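After the structure tokens below, expect a handful of questions from me.
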Amino acid sequence: MAPEHHGDADPNAPPAPPTPLQAWEQRMQRAQALWQNGEQEFALAQLVQAIPLAHQLLRSPYLTVQPDDYLAAWVVTHLWIAELLAERQQLPAALDYLCDAHTALLGLGDSTEVSLLQQAAWRHQRETVQALLQWQRQHGPSTRVTQLLQSTLCAPPAAPPPTAPAAAALQPEPLQRCPLPADRLH
């Protein structure tokens, strides 16, 4: 008598490897547990190992399907590393991670066609802009940060109301530079 078989899955097959997002989440959970236990060096090591996973997510064909999750992974990884490096007084390295996080989002948010990915990049830019402004407040003016903030693009205004002519509704709004108060850039 043949063994009973339910479904297509082989019960003896090894489990499927985690997806890149799942692998990133596992790495970040380890880092968080280490951080909470006061083991910042080991937490930092886990975070550094999460960077290639975050890069993989940005190159994934699923980025356009799950842009918020994938971009959150990118931003969170970079901001955590920057925070730990700043605590260790490794300020140039910390600033590199902050700037890298924002620069990648700028590249994704800068296109002529408004997409889910572009909208997600704009949403996550709020986090990176806040982190860069916080950096300036804590560590003083930085030409690099000021230039990044000045190159930040705002989302276009909302679509015109339905009473506007149809042709005007089809024209994409031009991107504008975010008006950042000059006193917040230093």
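To the nearest 10 square angstrom, what accessible area does R123 show with a 1.4 Å probe?
Using a 1.4 Å probe on the heavy atoms, I get roughly 90 Å².
Got a sec? What order do Y70, Y97, Y62 fall in by accessible area at 1.4 Å, biggest, i.e. largest, first?
Working: Y70 15, Y97 55, Y62 135 Å².
Largest accessible area first, the list is Y62, Y97, Y70.
Still on this structure: For Q90, enumerate residues with amide H under 5 Å from its amide H, sequence gap 5+ or separate chain, H modeled in the peptide plane.
Here the answer is none, since no amide H 5 or more places off falls under 5 Å of that of Q90.
Using the Kirkwood radius over Cα pairs, work out the Stokes-Einstein diffusion coefficient for the stretch 1-103 at 10 °C and 1.306 mPa s, in µm²/s as a whole number. Don't skip to the answer; put the middle values down first.
Working: Rh = 15.4 Å.
Result for D is 103 µm²/s.
Here's something else I'd like to know. Excluding ligands, DNA and RNA, what is the solvent-accessible area per residue of the stretch 58-124 at a probe of 1.4 Å, expressed in Å²?
47 Å²
Now, a different point. In whole Hz, with x marking every Gly and Pro, tabulate ³J(HN,Hα) for the stretch 84-94 from phi via Karplus 6.51 cos²θ - 1.76 cosθ + 1.60, θ = phi - 60°.
5, 5, 5, 4, 8, 6, 9, 5, x, 5, 4
Based on alpha-carbon atoms only, what is the radius of gyration of the stretch 25-68 relative to the globular estimate 2.2 N^0.38 Å?
Normalised Rg, Cα atoms only: 1.34.
Here's a follow-up. On the full set of protein chains, 1.4 Å probe, figure out the accessible area of D96 and give it in Å² to the nearest 10.
Near enough 70 Å² of accessible area.
The values are calculated or read from the model by the stated rules, or taken from the named source; none is laboratory data. Keep in mind the model is a prediction, meaning the values are calculated, not measured. Quick note on the areas: whole protein, heavy atoms, side chains included, nothing else; ligands and nucleic acids left out. Shrake-Rupley method; radii C 1.70, N 1.55, O 1.52, S 1.80 Å.
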